[in-house]
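K.L.:
Attaching a single structure in structure tokens format; questions to follow.
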Amino acid sequence: MSERFRNNLIAFFIVLVFLVGVANAADPIVTQSTSNSTVTSSTTGKTTIRTNPPSAISPSINASNSDLCAIGVSGAVQTQIIGISTGQAYRDANCERLKISKVLYDMGMKVAAVSVMCQDWRTYDAMEKAGTPCPIGGLIGDDAADMWKLNPKQMPRKEPAQLDRGDWFEKLANGIIAVLLMALLGS
């Protein structure tokens with residue numbers, strides 16, 4: 001007899017004994033009593049609220065839809081004096097490229113789908129290393145490789161991320177706000 005079967009058998013008998021004991025239990029004892037009482041009470045109270053509780057709540061940014069190519073970021077900071085919350089959604093260009101390429105491929109436009117993917121330097125580099133150059137100008141294969149050699153400026157390049165003027169000012173303002181909030185938290 002296995003140990004598991006033996007344990008199950010013991011558990012079965014324990015439950016069986018419990019159920020038989022409950023079924024044979026005596027009737028409960030019932031007592032009755034009557035009581036009368038009179039209570040007079042008087043209470044006076046005063047509640048004073050001096051300040052609202054702090055409550056900076058970061059906004060909810062819904063990015064759970066699988067058809068969105070956005071990333072939601074939000075945050076909040078609360079001190080005894082001030083509370084600030086913010087949130088923003090950022091575009092994901094690579095996600096957009098993948099979706100466009102998939103739709104083109106599903107419509108039977110395989111060369112166009114590969115061309116969209118080849119706009120990213122990582123795909124371009126991988127295709128070149130695999131010996132299957134990216135399409136260009138309607139050309140594929142060796143003809144495309146020759147065209148890429150004639151037009152090196154059209155090749156996608158890995159470029160460091162550069163902020164435009166608006167993004168730079170936004171990041172600067174966010175940094176200043178963060179420093180001020182940290183200073184308020186410290187005081």
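K.L.:
Residues in segment 59-93 that are closer than 20 Å to M117 by Cβ, surrounded by fewer than 13 Cβ atoms within 10 Å (Cβ to Cβ) and at pLDDT 80 or above: how many?
P.N.:
So the answer is 2.
K.L.:
Of a type in the set (G, A, S), touching a helix residue (DSSP H, G or I) at 6+ places or on another chain (Cβ under 6 Å) and outside the structural domain of G83 (by TED's automatic domain parsing): which single residue out of A183, A112, A173, A126 fits that description? Before you say what the answer is, go through the steps one by one.
P.N.:
On the way: A183 fails: touching a helix residue (DSSP H, G or I) at 6+ places or on another chain (Cβ under 6 Å); A173 fails: touching a helix residue (DSSP H, G or I) at 6+ places or on another chain (Cβ under 6 Å); A126 fails: touching a helix residue (DSSP H, G or I) at 6+ places or on another chain (Cβ under 6 Å).
Result: A112 is the single residue among A183, A112, A173, A126 that is of a type in the set (G, A, S), touching a helix residue (DSSP H, G or I) at 6+ places or on another chain (Cβ under 6 Å) and outside the structural domain of G83 (by TED's automatic domain parsing).
K.L.:
Okay, moving on. Please go through (1) loosely packed, with under 14 Cβ neighbours inside 10 Å; (2) over 29 Å from the mean Cα position of the chain (by Cα); (3) modelled with pLDDT of 90 or more for A126 and return the number of the only condition it doesn't satisfy.
P.N.:
(1)
K.L.:
Next question, about the same structure. Residues to consider are G166, G131, G141; find the one that is surrounded by fewer than 13 Cβ atoms within 10 Å (Cβ to Cβ) and either of a type in the set (S, T, N, Q) or not assigned by TED's automatic domain parsing to the domain that holds M109 (or both).
P.N.:
Details: G131 fails: either of a type in the set (S, T, N, Q) or not assigned by TED's automatic domain parsing to the domain that holds M109 (or both); G141 fails: either of a type in the set (S, T, N, Q) or not assigned by TED's automatic domain parsing to the domain that holds M109 (or both).
Within the list G166, G131, G141, the selection yields G166.
K.L.:
For the condition in a helix (DSSP H, G or I), free of Cβ contacts under 8 Å to residues at least 24 places away in the same chain and either closer than 22 Å to I71 by Cα or touching a Gly at 6+ places or on another chain (Cβ under 7 Å) (or both), what is the one hit in M127, M147? First the steps, then the outcome.
P.N.:
On the way: M127 fails: either closer than 22 Å to I71 by Cα or touching a Gly at 6+ places or on another chain (Cβ under 7 Å) (or both).
Within the list M127, M147, the selection yields M147.
K.L.:
Hey, does segment 82-91 have a residue that's among the charged types (D, E, K, R) and under 30 Å from L180 (Cα atoms)? Don't jump to the end; show me each part of the working.
P.N.:
Restricting attention to segment 82-91, the residues satisfying the condition of being among the charged types (D, E, K, R) are 91.
From the residues that got through so far, the ones that are under 30 Å from L180 (Cα atoms) too are 91.
Yes: one or more hits.
K.L.:
Show the residue pairs that are 6+ apart or on different chains and have beta-carbon atoms under 7 Å apart, the first residue being within segment 26-39 and at pLDDT 70 or above, the second being of a type in the set (F, W, Y).
P.N.:
none
The values are calculated or read from the model by the stated rules, or taken from the named source; none is laboratory data. Just so we're clear, the structure is a prediction, and the values are computed from it rather than from any experiment. A quick note on method: Cβ atoms are made from the backbone with ideal geometry, for glycine too, and the neighbour counts reach across all protein chains shown.
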